[in-house]
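The values are calculated or read from the model by the stated rules, or taken from the named source; none is laboratory data. From a predicted model like this one, the values you see are computed outputs, not experimental measurements. So basically every Cβ, Gly included, is an ideal-geometry build from the backbone, and we count neighbours across all protein chains shown.
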Amino acid sequence: MNIKPLADRVVVKPVEEKEVKQGSIIIPDTAKEKPQQGTIIAIGAGKIAENGSKIAMEVKVGDKILYGKYSGTEVTVDGEEYLIMRESDIFAVI
């Protein structure tokens with residue numbers, strides 16, 4: 001992957017939810033819930049404070065995280081879907 005996020009942004013690979021089927025009911029993709037967890041693939045260098053010092057990132061590559069349902073911007077690179085979001089959009093590390 002050739003994405004290098006800037007500042008306090010991270011690139012996240014959303015967890016693919018397994019398709020559960022009960023009986024003969026099939027739920028279309030448009031009606032499914034968006035995943036709210038994923039794995040960090042790349043991180044930026046960190047945010048720059050008002051005094052010019054760099055604030056280090058609290059997360060690292062490989063962390064499994066929880067984030068908001070509508071957080072980040074969806075991008076597709078090499079046929080794979082990723083989210084780019086700010087570190088502040090991350091709720092927790094699992």
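General remarks:
- The range 44-55, subset free of Cβ contacts under 8 Å to residues at least 12 places away in the same chain and either surrounded by 10 or more Cβ atoms within 10 Å (Cβ to Cβ) or of a type in the set (S, T, Y) (or both), residue farthest from V15 (Cα to Cα): S53
- Residue in the range 62-85 that is surrounded by the fewest Cβ atoms within 10 Å (Cβ to Cβ), counting only those that are assigned to a loop (DSSP other than H, G, I, E, B) and over 9 Å from the mean Cα position of the chain (by Cα): G79
- Looking only at residues in the range 58-72 that are at pLDDT below 95 and not charged (D, E, K, R), the one that is nearest to P5 (Cα to Cα) is G72.
- Leading residue by the ranking (nearest to the chain's Cα centre (by Cα)) among those in the range 5-36 that are over 12 Å from G72 (Cα atoms) and either modelled with pLDDT of 90 or more or part of a helix (DSSP H, G or I) (or both): V15
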